[in-house]
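Taking it in order: structure first as structure tokens, then the write-up.
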Amino acid sequence: MSNISIAALSVILLLSELNIQNSYASIAFSYLPTRSESEESAQSQIKSSEVAMLTQDLSQEYFPFKKTLLIQYGG
């Protein structure tokens, strides 16, 4: 299983645990500044993957939020 698949599954589990219903808010994604080449590589892979789009689609379909959910990468 790739790291991106694990990241996607982690987000899905997070959304299912929140169990928030009846809303139309979106998800915002934020990327903290990188501090190393490995962080730069990881950030680049996350940005080029479909994790954000998949998360947004799953949220709209199954886990809508009353307020915008911020998912922040890095740190």
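The values are calculated or read from the model by the stated rules, or taken from the named source; none is laboratory data. This is a predicted model, so every value here is computed, not measured. All Cβ positions, even for glycine, are placed from backbone atoms using ideal geometry, and neighbour counts span all protein chains on display.
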Inset, instruction - Identify all residues within the stretch 28-64 that are of a type in the set (Phe, Trp, Tyr) and out of contact with any helix residue (DSSP H, G or I) (no Cβ under 7 Å at 6 or more places or on another chain); write none if there are none. - result: Tyr62
Inset, instruction - May I ask you to list pairs of residues, at least six apart or on different chains, whose Cβ atoms are under 7 Å apart, with the first in the stretch 49-60 being within 11 Å of Ala28 (Cα to Cα) and the second being of a type in the set (Phe, Trp, Tyr)? - result: Ala52/Phe29
Inset, instruction - Check whether at least one residue in the stretch 50-73 is under 14 Å from the mean Cα position of the chain (by Cα), of a type in the set (Asp, Glu) and either modelled with pLDDT of 90 or more or not in a loop (DSSP other than H, G, I, E, B) (or both), and report yes or no. - result: yes
Inset, instruction - Identify all residues within the stretch 59-75 that are in contact with a strand residue (DSSP E or B) (Cβ under 8 Å, 6 or more places away or on another chain) and among the hydroxyl-bearing types (Ser, Thr, Tyr); write none if there are none. - result: Ser59, Thr68, Tyr73
